[in-house]
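As structure tokens, the structure follows; a few thoughts come after it.
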Amino acid sequence: MLELKNISFEVDDELGQKGILKDVNLTIDAGKLTVITGPNGGGKSTLARIIAGVEKPTSGKIFYKGEDITDMSITDRARMGIGFAFQQPVKFKGIRVVDLIRLAKGEKTLSSKDACKYLAAVGLCAKDYINREVNGSLSGGELKRIEIATLIAKRSDLSVFDEPEAGIDLWSFQNLIEVFESMRKHIEGSSIMIISHQERILRIADEIVMVKDGIIAEKGTCDEILPKLSGTDSAVKSCGIVDLWKEGNN
Amino acid sequence: MELTDIQKKVLAEVADLHKTPVGAFNIRANGESVGRNSTANIEIIPKKDVSGIDIRIKPGTKNESVHIPVVISQSGLKESVYNDFYIGEGADVLIVAGCGIDNCGSQDSQHDGIHRFFIEKNARVKYVEKHYGSGEGSGKRILNPVTEVYMDEGSTCEMEMVQIKGVDDTVRTTKAELKAGAKLLVGERLMTHGDQRAISNYNVDINGEGGVADVVSRAVARDRSYQEFNAVIAGNAPCRGHSECDSIIMDEGIILAVPALKANNVDAEMFHEAAIGKIAGEQLTKLMTLGLTEQEAEEEIINGFLR
Ligand SMILES: Nc1ncnc2c1ncn2[C@@H]1O[C@H](COP(=O)(O)OP(=O)(O)OP(=O)(O)O)[C@@H](O)[C@H]1O
Ligand SMILES: [Mg+2]
């Protein structure tokens, strides 16, 4: 379904070039659920953005359904069946929940009854939300759920979710997992890629990929990877953790 | 009532009118009244000294509407029209105005509507005004509306003013005076394109305790168009005043936003917000990941913004 070949992504910072992703090779097969995990700042979101076309790799190639999509626009990739739920959902002015779902479905008009079922699937009481604007008046968890509902409506062949569980309360967690499982069941041959730190999501993966310091550090089934995960460190550079309270927080 | 097809199209744009409206109405086409109706509670009387009408709404009139659309399809026509609205105590009415100019000729067509509202105690008015221009002629479509609102105690006036397409040149002047407990809510939506110019001037005086004024403008300037938003809200009593100008610029559009506040009373609470910028890149990106082209995404974002 998707193949990343020697993908690198570099940015310029004050010290010169900085490698965010370094020669990443990854294949995602049709019908599989892959979970990408790893420390903060490891490069997971960057990888997802490169797949969706939001970011262009510095070098390397991306193949999707056998076609080289490296130079393809975001729009064309979306039309070929790639869907992407952002880690931080975008806010608008005036665009309503129903509009986003309609656009995701690629239809000119959409009845609110139709739109409602997608909201219900992510545990939102549809009538309260359908006509609300997708703006800062929605809570973080609400925005996140709407982002997921939008991607369900899109029915992509490859759906990429960037930390879908972030901000979603514990009670809804099981529902979220059911959402992924029924997506797999109902969109035939579709692949799902989820970026997550949650063990319960890792447990439903066919394959777990650990991204750390811009490389794929580990890859394998749940049983192989889970035991290795505890005690890994964060890529966010800390200059020695300080016990604030010992030093006197006043 | 005989209207040409073009006139009918323009009427549909500015007043959502597809047939003769119910209730009171006055339809003005090319400088003349082509249809008029008064009701038991709403009387429409032509003015004698100047062109225009008086609209008298009896106290306590509820759930009634007045439609007063204007259509100009004759190139080169220029007119000033004076309409006065007297809204009786405790009435609650909808007033739909609107002006559409279709200019296929080479001469400028211009409509200057001077509307005055005298809103008595505890009356409520919802006023909707749409401006629209069409036609391929090189003559300009010019609209210079002047609106004056005099609000008595406890009255409410909600104004929705929309100009989305085709008007080449507009200077909109809105002036309001509020007594105690009066509430004025203005929502302006404006889009300019080509070489159009639109200027909006607001002057609001809140003179009575508990008065509230809220002027909100959402605007988009595309191509080489130019917009100016000047809002002066003065709080002369313990009151609340707010103005907001939120704009998107595209292409080589220019917007000048000058929200001004004046507090003449220590208990006047006044605030304003103004923001101008291009469409946020991440909004475009999001819609493109749903399969829209950049242009389609732009349209959706603007349509939503101006809704
Ligand atoms: N355009 C950019 N310019 C500079 N640095 C960048 C840019 N994009 C990403 N980075 C950096 O690259 C690293 C990887 O970022 P990324 O968002 O991919 O991490 P992540 O694995 O998703 O982390 P998290 O778990 O916190 O979401 C971070 O250190 C980030 O600051
Ligand atoms: Mg991330």
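Annotations
- Within segment A:39-82, considering residues that are open to solvent by 10 Å² or more (accessible area, probe 1.4 Å), assigned to a loop (DSSP other than H, G, I, E, B) and touching a helix residue (DSSP H, G or I) at 6+ places or on another chain (Cβ under 7 Å), the one nearest to the other protein chains (Cβ to nearest Cβ): A:V54
- Matching residues, segment B:104-114, being open to solvent by 20 Å² or more (accessible area, probe 1.4 Å) and within 16 Å of B:N83 (Cβ to Cβ): B:D112, B:I114
- A Cβ distance below 6 Å, combined with a sequence gap of six or more or placement on separate chains, defines the contacts here; from segment A:146-160, residues that are closer than 21 Å to A:M1 by Cβ reach residues that are among the hydroxyl-bearing types (S, T, Y) and open to solvent by 10 Å² or more (accessible area, probe 1.4 Å) in the pairs A:I152/A:Y118; A:A153/A:Y118.
- Residue within segment A:109-116 that is at the interface with chain B (Cβ under 10 Å from one of its Cβ atoms) and either under 18 Å from the mean Cα position of the chain (by Cα) or in a loop (DSSP other than H, G, I, E, B) (or both) present: no
- Positions within segment B:84-104 being part of a strand (DSSP E or B) and farther than 19 Å from B:F25 by Cβ, in sequence order: B:I101, B:D102
- The listed residues are B:T156, B:T174, and the only one of them that is under 12 Å from the mean Cα position of the chain (by Cα) and either within 26 Å of B:V71 (Cβ to Cβ) or open to solvent by less than 30 Å² (accessible area, probe 1.4 Å) (or both) turns out to be B:T174.
- Strands (runs of 3 or more DSSP E) fully within segment B:205-307 counting 2 or more residues that are buried (at least 22 other Cβ atoms within 10 Å of the Cβ): B:212-221, B:226-235, B:239-249, B:254-263
- Among the conditions (1) buried (at least 23 other Cβ atoms within 10 Å of the Cβ); (2) touching a Leu at 6+ places or on another chain (Cβ under 6 Å); (3) not small (G, A, S), A:D206 misses just one, which is (1).
- Any hit, segment B:37-57, residues being touching a His at 6+ places or on another chain (Cβ under 7 Å) and part of a strand (DSSP E or B): no
- Of everything in segment A:146-178 that is open to solvent by 10 Å² or more (accessible area, probe 1.4 Å) and closer than 22 Å to A:I51 by Cα, the residue that is farthest from ligand 1 (Cβ to nearest atom) is A:R155.
- Number of the condition not met by A:D213 [criteria: (1) within 16 Å of ligand 1 (Cβ to nearest atom); (2) surrounded by fewer than 20 Cβ atoms within 10 Å (Cβ to Cβ); (3) within 14 Å of another protein chain (Cβ to nearest Cβ)]: (3)
- Output for segment A:21-46, where each listed residue is at positive phi and within 10 Å of ligand 2 (Cβ to nearest atom): A:G38, A:G41, A:G43
- Verdict on A:F86 being within 14 Å of chain B (Cβ to nearest Cβ), open to solvent by 10 Å² or more (accessible area, probe 1.4 Å), at negative phi and among the aromatic types (F, W, Y): yes
- Answer residue from segment B:58-73, given it is more than 21 Å from B:V167 (Cβ to Cβ) and in contact (Cβ under 8 Å) with a residue 40 or more places away in the chain and is most open to solvent (accessible area, probe 1.4 Å) among those: B:P59
- Within segment B:249-283, being within 9 Å of another protein chain (Cβ to nearest Cβ) and either over 17 Å from B:R218 (Cβ atoms) or of a type in the set (G, A, S) (or both) holds for B:A280, B:E282.
- Residue in segment A:181-198 that is surrounded by fewer than 16 Cβ atoms within 10 Å (Cβ to Cβ), in a loop (DSSP other than H, G, I, E, B) and in contact with a helix residue (DSSP H, G or I) (Cβ under 6 Å, 6 or more places away or on another chain) present: no
- Restricting segment A:28-38 to residues that are surrounded by 20 or more Cβ atoms within 10 Å (Cβ to Cβ) and more than 13 Å from A:I201 (Cβ to Cβ), the residue that is farthest from ligand 1 (Cβ to nearest atom) is A:I28.
The values are calculated or read from the model by the stated rules, or taken from the named source; none is laboratory data. All figures in this text were calculated on a predicted structure; none of them were measured in a lab. Cβ: placed from backbone, ideal geometry, glycine included. Neighbour counts: every protein chain shown. Quick note on the areas: whole protein, heavy atoms, side chains included, nothing else; ligands and nucleic acids left out. Shrake-Rupley method; radii C 1.70, N 1.55, O 1.52, S 1.80 Å.
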